[in-house]
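This report concerns only the one structure given below.
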Amino acid sequence: MTLTIRSATPADLPLIAQFIRDLADYEKLAHEVRFDEAKLGANLFGPRPYAEVVIGEIDGAAQGFALFFHNFSTFEGRPGIYLEDLFVRPEARGSGLGKALLAHLAKLCVERDCARLEWWVLDWNTPSIGFYQSLGAKLMDEWTVMRVDGDALTALAGSAA
């Protein structure tokens, strides 16, 4: 068995879109998927890419992906990598592909002089939490995620001077 991690190309857009839908199904969040594939492609591969994607392959067949982007730590004074999505198809779990994808991102962090690699995980997803902890990840349970979107985002933007 050969594991390969490669950078995604515009030709991978339908595959990336399917991986996102598959991840949403797994997370019981399919009802929240509302992206436009063309806009997703422009945001990943256009003149100002907002995120990067790597594809994980087993024996040449795409079996997973990671979508990530840079963030910044003021305390460290350095960038980091934020992993937005990691997904490995169910039939490929246990192959080492998930670890290979995370190791690839860790290597990018080191190469790019990033202070850290971080991501969120749903609190009910105990198999993933255990897997991440086995790789040295720690829970940041003293933090609470905050979000403004939809009408609340529009309203907040409208209050700007």
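General remarks:
- Fraction of accessible area attributable to carbon and sulfur, segment 1-159 (%, probe 1.4 Å): 56
- Taking GluC sites (Glu not before Pro) across segment 102-154, the ones in a DSSP loop with at most 10 further Cβ atoms lying within 10 angstrom of their Cβ are E142.
- Within straight-line reach of K99, meaning a Cα separation under 17 Å, sit the following lysines at least 8 residues removed in sequence or on another chain: K107, K138.
- Length gained on full extension, L40 to L135: 31.2 nm, using 0.36 nm per residue less the C-alpha separation.
- Using Cβ point charges alone (K and R +1, D and E -1), the dipole size of segment 45-148 about the Cα centre works out to roughly 100 debye.
- For the chain: rounded, prolate or oblate by the Cα gyration tensor [a/c cutoff 1.5]: rounded
- Phi-based couplings in Hz for segment 48-53 (Karplus 6.51, -1.76, 1.60; Gly and Pro marked x): 10, x, 9, 8, 10, 9
- Amide proton proximity set for A8, modelled H, under 5 Å, gap of 5+: V53, V54, I55
- Order of exposure, largest accessible area first, which applies to H104, H31, H70 with probe 1.4 Å: H31, H70, H104
- Segment 32-161: relative contact order in percent, alpha carbon pairs under 8 Å with at least 6 residues between: 15
- Loop-located chymotrypsin sites (Phe, Trp or Tyr not before Pro) in segment 33-68 whose Cβ has at most 16 other Cβ within 10 Å (DSSP): F35, Y50
- Residue-normalised accessible area of the chain, expressed per residue, 1.4 Å probe, Å²: 64
The values are calculated or read from the model by the stated rules, or taken from the named source; none is laboratory data. All values reported here derive from a predicted model rather than from experimental measurement. Quick reminder, even Gly has a Cβ in these numbers, built from the backbone with ideal geometry, and neighbours come from all protein chains shown. The accessibility values were calculated without ligands, DNA or RNA, using every heavy atom of the protein model including side chains. Shrake-Rupley method; radii C 1.70, N 1.55, O 1.52, S 1.80 Å.
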